Structure formats: C-alpha cells, structure tokens
1. So for the stretch 223-317, what percent of the C-alpha to C-alpha distances run longer than 22 Å?
2. In the stretch 55-175, what percentage of the DSSP-assigned beta bridges are antiparallel, given to the nearest 5?
3. So how tilted is helix 304-317 from the main axis of the chain? Cα-based, degrees 0 to 90, rounded to 10.
4. Could you estimate the translational diffusion coefficient of the chain from the Stokes-Einstein equation, with Rh from the Kirkwood formula over C-alpha pairs, at 20 °C and 1.002 mPa s, in whole µm²/s?
5. What is the antiparallel percent of DSSP beta bridges lying wholly in the stretch 118-271, to the nearest 5?
6. Under the rule a/c < 1.5 gives rounded, and otherwise a/b versus b/c splits prolate from oblate, where does the stretch 57-102 land using the Cα gyration tensor?
7. Report, to the nearest 10°, how far helix 4-15 tilts away from the longest principal axis of the Cα atoms in the chain, using its own Cα long axis and a range of 0 to 90°.
8. Mind checking which of 45, 296, 76 has the largest fluctuation in a GNM of the chain, springs on alpha carbons under 10 Å?
Ligand code: TXA
Ligand code: MG
C-alpha cells in the first residue's frame, strides 16, 4: 500500500496541473484534475489522443453525482448503487460546468467510482474529480503495471503510484444518457450482471460516440490471430513451417500439450478472470520478445468472456 505521504504528494501534483498515473482495479489511469483545462490538454498531449475523444472522470465514493450530471436516471442510480465502487463507467448528461475538454466536446460525461485502494486514497486526498484515460499512448495496449506505465511514458509522467490491477481490462461503459441504457464497452460488470439488475439485457454498442471502441484500439505490434482450441494445434504446425516468430495464449483448466514446436508459450490462463488479468501484460511481453504473431485461444463469449473477446478482436483488427 502507498504511504500517506506518497498519496498526499500525488494530490499536490494534481492540484499543480500535472499528471499522476495510478492503479485502478481495471487498468492504470493517467490522471489530471478534471476541472483544469490546461492539465487536461497536457493529458491529451501525453497520450497523443485526439481532442474529440472523451476521458472518464473518476470520483470518490459518495461524490455528489448531481455536481457532474444534470440528469441521473433510475437505471443509472441502480447501476451505481449495485456496482460502485467498481469497474463500471456511466455516461450521463454533463452538468454545465463540466469541462468540455474532458468530454471531448460532448454534452455527456463518463463517470466512474473506482474500487482500488490506491485510487480511493488518491481521490480522497485530492478531493475532486480526476480525469483519467488508460495510461497508454493512443491506440496502444493499456498498462496494468507501474513498470509498463514508466516504459510507455518515460519522464513525461513524473508520478506513478504502485499497485496491482486485479481485473486487467477496462471498465464496462453503460450509456445512461439515452432512453434505454446501452453497453458501449463490455467489461467485468457483465451484460448478465446488468440484465439481472435492470430486468432486461442491454444492447451492446450504440450510436453514441465512444472512441475507445474504435476497431483499431488495444493493438500490440504483433499480429493477433484468434483461434479455437481445436484449431490451435494445426495452426501451430503451419507456423512452425514458416520463419515467423510466434507465441501462444492457451485457455482452459487443462494445459494444452502440443508437442515440440517453435512456439513460445506466452500465457496459460486457466479461468476467464485470469485471462482478463494477464491479457495486456501478455501482449506487451509478445512485443518485448519481438514476436510476429500471437495465437490466442478464444474463450467462450458469455460473462467476462465477452469483454476478453472484445479486446482480443480489437487487438487482432488493430494492424
Ligand atoms: O477502466 C477504465 O475505464 C480505465 C480506468 C483508468 O478507469 N479508463 C479507461 O479510459 O479505459 P479510456 O480513456 O482509455 O477509455 C474511456 C472510454 C473511451 O472509449 C471513451 O470514448 C469513453 O470511455 N467515454 C468517455 N466519456 C464518454 C462519453 N461522454 N460518451 C461516450 N463515451 C465516453
Ligand atoms: Mg484506453
């Protein structure tokens, strides 16, 4: 756990309009004071992110939603009550004073109350909203460790708080600014969780702009090929006959023996939670090793599997 002094220092850095990277239960955030336009410009510049891509504003538990949103529909209240603090972002109509730099010029704002102890402590010390996109350069794989953040941004981000990201992939985004809530990005709060709470399965995707849902996001340098467990062995043998360097992500409780091969075993998640947890660090590892190709075994697409497949699909499309 961070010391109180480190957290207090990070809060001072935020107040001074500088950037702080901090762990959340999903992925690392690159944080700036959500009310400081110049800090927000600095944030967009560090990420290389287009100005019309909104960022999520992180709030402490018990924050007054009305201070950020003009309208908080019943469904949003129910979702917040059930899943905050946690890996859920709600898109709501933005209150007039909310910086349109943070919203990418939209009249809606993404709000999230994270559950990670370091994020909670930082939000409490800072006392306001922290705008924080994932701590990666635009279009790249999200960071799930302090080391990955430091490598990604070098000295540009002076303060990086340490902590582990238990979920490993970004929050579920639910657009509650429209009549029927829609899931703009699947995550650890699953469609099934939301359906159980709201009594109806929400639509996935939507007319609302959510640039993180561009097909070209979350892309490593390696080419990602998604295969079924039964296709894996044949594909390994095909690639063994070429000169590409390649790695494999298997999936399932049983290890998957394939016999002698040039393939590097990158990860062997036994559960879908583990798959989500190791996904981004594994893609980074593949790039560190200079792999040409990663063969990733597709998980079933229910529950958290929908979110893992979503990220794998974007990583595969990203080249
Ligand atoms: O788990 C997460 O959500 C992480 C951690 C740090 O909280 N953050 C994150 O931020 O993934 P970012 O910026 O990489 O992705 C935010 C996504 C983008 O796809 C953005 O388009 C969408 O949220 N978003 C934010 N505000 C929105 C809005 N007002 N309307 C529609 N989409 C919005
Ligand atoms: Mg991102």
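1. Within the stretch 223-317, distances greater than 22 Å cover 20 percent of Cα pairs.
2. Counting only bridges with both partners in the stretch 55-175, antiparallel ones make up about 55 percent.
3. 70
4. Taking Rh from Cα pairs, D becomes 107 µm²/s.
5. Beta bridges within the stretch 118-271, antiparallel portion: roughly 40 percent.
6. prolate
7. It works out to around 70 degrees.
8. Of 45, 296, 76, the most mobile in the Gaussian network model is 45.
The numbers here are math on the coordinates, done by the rules we state, and not lab data. Note that the structure is predicted; figures quoted are calculated from it, not measured. Glycine gets a Cβ as well: all are built from the backbone with ideal geometry, and neighbour counts include every protein chain shown.
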